[in-house]
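J.: Dropping the structure in here first, questions after.
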Amino acid sequence: MRSIGLILSLLAIAFWFCLPEPLFDDPYSTVIEDRKGKLLGAKIAEDGQWRFPYRDTVPDKFAKSIVLFEDRYFFWHPGINPVSLFRAAIQNAKEGEIVSGGSTLSMQVIRLSRKGKPRTIREKMVEIVLALRLELRYSKDEILALYAAHAPFGGNVVGLEAAAWRYYGRPPDQLSWAEAATMAVLPNAPSLIYPGKNHQLLLNKRDRLLSDLFDEGLLTEIDLSLAISEPLPGKPMPINQAAPHLLSKLYAERKGALSRSTLDYNMQAEVSDIIGRHHKQLKQNEIHNAAALVLDVESGEILAWVGNVVSAGKDHGCDVDMVTAPRSTGSILKPILYASMLEDGLLLPNTLVPDIPTQFGGFNPVNFDKQYAGAVPAQKALYRSLNVPAVRMLQEYGVPRFYNKLIEVGMSTLSQPSDHYGLSLILGGAETTMFDLATMYGSFSRVLNHFYEYSGKYDVADFHKPIYLLKENDAPKQLTLADDGNLSASSIWFAYEAMRKVNRPEELAGWNAFASSGKIAWKTGTSFGFRDAWAVGTNPGYVVVVWAGNADGEGRPGLVGVSSAAPIMFDIFNILPGCGWFDPPKDEMSDVVVCRNSGYRAGMFCSETDTCQIPMQGLHTGSCPYHHQIHLDPSGAYRVSASCISPGQIVHVSWFVLPPVMEWYFRKQNPMYQPLPPFLPGCLENASNPMAFVYPVNTSKLFIPVNLNGEQEAIVLEIAHSDPDATVFWHLDQRFLGETNQNHQMEIQPEKGDHILTIVDNHGNSLNRKIEIISKDMASGGF
C-alpha cells in the first residue's frame, strides 16, 4: 500500500507540474492601437507569422460559433470528451487511418502549444493528460482565448485578431455572424481551406455552421438568410499602417507587445493627409521630408504622430522618424530666452535691445535680411526673429545659465557642455527634437491653464507632466525639473503675447487663410544652410510642432520655417477645436510707468511715459538709460555749457539719445528720431565723442580675407557719426587714407602686423584704435 501511495503521489506531482509555463512561447507581432482600440499598425512577428498578442477575451459571436463547430460540450467537460474520443476511435478503425481525432478545444490548445507533434496514439494520450491539467489552471474563457490567439487561419495568419484584420480589415468584435462563422471553420483545415482558395468548400462549411447556429436558436430566419448571402473574403489584405514611425519606435522598445496609444485615429489620418498635401509642393523644391506632432495640453497626451512622409521613398529617408531625430534648432528657442530674461528681471517686454553689427571673437551674427534697426523693443526682436538682438540678449543672460534653463524645462539633447555651443546656442548651434519641443511648450501652456486654480502658488514641476505616449501598459516618460528651473506664468504669458505677433510676411501667398486658426502663440525657425524648417504653435488646448527638410541634412534655398513649416502648422490648427486664449495671470503682474521711447522703467528725464502691466520681476529692472537732460541756448539750436553762456540763459531739455552706432542705424528707420543739436562754437570742451566704430567693434585682431582665387582682398572699416553732415578723415600709421561723408567706410590692405588707425572729423573729434592684421588661417577656430 505504501508503494502504491508513493507511486500515486509521484504521479500526482508529475501531473501537477506537467503543464509548461508559459504554455506558448511564440513570437508575437508588434501591434499599436489608437486611444479607442482601433488598429494603427502592426509589424509581423520574428517567425514571419501575423500573430497578434494574446487577448483574454473572445467576441461572443466567434465564441458561440467555434464552440458549436468544434466542441459542443466545451463548457461541461473537464478537458476531454470520452464520447467524442470513442466515436473517433471507431471511425478511424473503420477507415484504417486517422480521419478524426475527437479532440476538444482544450486538447487542441495543447496540440497548438506542442507545435505540430505527429498524430499518434501516444501523442493523443499526452494531449489528454495535459488537457486535464490545463482545465485546472485556466478558466473556460481563458482556454477559449488561448485557442483564439494561436489557432491557424491559413497562410501565415495565426490567431483570430490577425485573421479578422487580414481578411476583413476590422477587429473581431465587429464581425458579422457570417464572418464569425468563417473564422470558426478556418482552423479546422487551414492548409486546405483559406480565403482565396477552395472557395466552394469553405462556403459549404460556413453555411452548415450558420444553419447549426439557426437550429440552436442563435439566429433568426432573417439573420440566417442575410448571413448566407454574404460573400466570402478574398485574399488577405495588408495591415493598416497609420502610424508607421511610432510603430517602429515601439518595435525597438516593446517588440511583440500590444500597445494602446493616446493617438486619435481620425486626427492621425487628417494630419497625415495635410503633410501629404504639402509634401507635393515641397518636393518641387527637392524638399522630401516633413513631420508633425499634436499634443493635448491638459492631459499631456500625443494625439497625432506623423514622423515622416512615407511616399517620399526610402531613397529620401522616409523611414527616419523626424519626431525623435535631433535637428538644429534655428531660432525656435528664442521665446524661452525671452521668457527667462523676463523671469529674472533683466528686461521688460519693450526694453530696447541693440540691433547693430556685432562681433564676438570670430562669431559675427547677422539678421536674416542682413539689415539692422539700431535698436528694437525686446518683444519685437522676438516676433521678428532678429538674430543680432537675440545673441546680445544671450550674452547678457549668460550661456551657462541659459543652457541649464533649457535642460531644466525639458530639453534632452544638450550632450555637450555649454561652452561647446557658446552664443550660437540661440541660433541653431544645438539640436533638439520635436518631442522635446512639444514637452516644453506643453508644460508652459499647462502652467497658464492652471494658474488661478493654484492662486499663483505653484512649481512648474507640478505641471510638467509626462507626455503620455501609451496608456495602461506603458510607463510614461518622466521629466524632472530643478528647483530653480521655474518660469512664472507671467513670463510665459508675455512670451506668448509676443509670439502671437510673429511677423507674417505679405508675400507669402494665402497667409490670410491662417486667420481661421484663432489665437495662437507660434514661432518659426530656420537652421544654418537652410537644412531645417521649424514651426511650433500653442493655444490653451493644443501644441503643434512641425518640421520640414531633408532627412539626410541637404539644405535647399527657400527652406525656411515661415514658408515651409508654418503653413502646415496652421492647416493642422484649422482641424482642431477652438480654444479661446489664456487668461492673463494678473496676480503676477504689476502696473508700472514705462518710458515710451526706450521701454525701460521711466527715469527722471523721460518726458513721454505709459502705464503698462509688466511681470512682477520687472520691478527689479533699471530705469531708462537713454534719456538725458541737455543744455541748450535760448534758440534751442545749439548745446551749451556754463563755461560759454550765462547760466540764466541755458534752457534745460530732456532728450532721447542713443549711442552713436545704435543711432546710426536707428535713424534710418525712424525719421522722427531727433539727433542731439550741435554744440555752440566754443562749447566743445565737455562734449562726448559723436563717433563710434561699427567695424571693428570690440576686437583689435583682423584677418585678411581671401577670395576663391586665393587673392587677398581689402578689409572694410566702418564708423558711425551722430552728425549726418560730418566729414571724417582716415589715417593709418599717420598716413592719410582719404575722407568720407554720410556713409563712413574705408577699405585698407595693410601688411601683416600691428598698425595704428586714427580717425578725425571736421569738428576735431578723434578715434584711435590699435589693430593687428593676421592671416586667415591664424584667425580660424571661431564659431
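The values are calculated or read from the model by the stated rules, or taken from the named source; none is laboratory data. Bear in mind the structure is a predicted one, so any value in this text is a computation, not a measurement. Please note: Cβ atoms are built from the backbone with ideal geometry, for glycine as well, and neighbour counts cover all protein chains shown. Accessible surface areas use protein heavy atoms only, side chains included; no ligands, DNA or RNA. Shrake-Rupley method; radii C 1.70, N 1.55, O 1.52, S 1.80 Å.
J.: Hey, can you grab everything whose amide H is under 5 Å from the amide H of Arg596? Only 5+ residues off in sequence or another chain; H modelled, so Pro and N-termini drop out.
T.: Correct list: Glu608, Thr609, Asp610.
J.: Sticking with this one: Could you run the Karplus curve 6.51 cos²θ - 1.76 cosθ + 1.60 with θ = phi - 60° over region 602-616 and give me ³J(HN,Hα) per residue in whole Hz, x for Gly and Pro?
T.: 4, x, 5, 9, 6, 8, 10, 9, 9, 9, 10, 8, 9, x, 4
J.: Also, quick follow-up: Just the isolated ones, please: cysteines in the chain lacking another cysteine beta carbon under 4.7 angstrom.
T.: Within the chain, the cysteines lacking a partner Cβ under 4.7 Å are Cys18, Cys318, Cys579, Cys612.
J.: Compactness ratio of region 225-283: Cα Rg over 2.2 N^0.38 Å, N = residue count? Don't jump to the answer; show the numbers that get you there.
T.: Working: Rg = 17.3 Å, N = 59, 2.2 N^0.38 = 10.4 Å.
Relative to the rule-of-thumb radius for its length, region 225-283 sits at 1.67.
J.: With the Cα gyration tensor of region 524-616 giving a ≥ b ≥ c as the square roots of its eigenvalues, does the rule (a/c under 1.5 for rounded; else a/b larger than b/c for prolate; else oblate) give rounded, prolate or oblate?
T.: Numbers: a/c = 3.96, a/b = 1.79, b/c = 2.21.
Taking the square roots of the gyration eigenvalues as a ≥ b ≥ c, region 524-616 is oblate.
J.: Probe radius 1.4 Å, ligands and nucleic acids left out: which of Asp25, Asp761 has the largest accessible area, and how do the rest follow? Spell out each step's value before the answer.
T.: Details: Asp25 125, Asp761 5 Å².
Putting Asp25, Asp761 in descending order of accessible area: Asp25, Asp761.
J.: Also, I was wondering about something else. Based on C-alpha coordinates, I'd like the Rg and Dmax of the chain, in Å.
T.: Answer for the chain, Rg first and Dmax second: 38.3, 138 Å.
J.: Compute the acute angle (0 to 90°) between the alpha-carbon long axis of helix 660-669 and the principal axis of greatest extent of the alpha-carbon atoms of the chain; round to the nearest 10°.
T.: 70
J.: Would you mind checking which residues have amide H under 5 Å from Thr104's amide H? H placed 1.01 Å from N; only 5 or more apart, or other chain.
T.: Result for Thr104 returns Asn81.
J.: Please determine, in degrees from 0 to 90 and to the nearest 10, the orientation of helix 140-150 with respect to the longest principal axis defined by the Cα atoms of the chain, where the helix direction is its Cα long axis.
T.: On a 0 to 90 degree scale, this one is about 70.
J.: Using the Cα atoms as the points, what is the convex hull volume per residue of region 277-338 in Å³? If you can, show how the numbers build up before the last one.
T.: Details: hull volume 8.0 nm³, N = 62.
Given the Cα convex hull of region 277-338, per-residue volume reads 128 Å³.
J.: When the scattering of region 320-403 is computed by the Debye formula from its Cα atoms alone, each counted once and equally, what is log10 I(q)/I(0) at q = 0.17, 0.21, 0.23 Å⁻¹?
T.: Reported log10 I(q)/I(0), two decimals: -0.70, -0.99, -1.14.
J.: A further question on this structure: Which value, in Å³ per residue, describes the convex hull spanned by the Cα atoms of region 178-318?
T.: Numbers: hull volume 29.8 nm³, N = 141.
So the per-residue Cα hull volume is 211 Å³.
J.: Okay, moving on. Can you list the residues, at least 5 places off or on another chain, whose amide H is less than 5 Å from the amide H of Ser590, using H built in the peptide plane?
T.: Counting only residues 5 or more places away or on other chains, the set is Ile614, Met616.
J.: Treating only the Cβ atoms of Lys and Arg (+1) and Asp and Glu (-1) as charged, compute the dipole magnitude of the chain about its Cα centre; round to the nearest 20 debye.
T.: In total the dipole reaches around 2260 debye.
J.: Just the Cα atoms of region 246-395: what Rg and Dmax do they give in Å?
T.: My reading of the Cα-based Rg and Dmax gives 20.4, 60 Å.
J.: How tilted is helix 399-408 with respect to the longest principal axis of the chain? Cα atoms for both, answer in degrees (0 to 90, nearest 10).
T.: Result, in degrees: 30.
J.: Could I ask something else about it? Which of the listed residues, Ala290, Trp522, Gln395, is farthest toward the dipole's positive end in the chain, when Lys, Arg count +1 and Asp, Glu count -1 at the beta-carbon?
T.: The listed residue farthest towards the positive side: Ala290.
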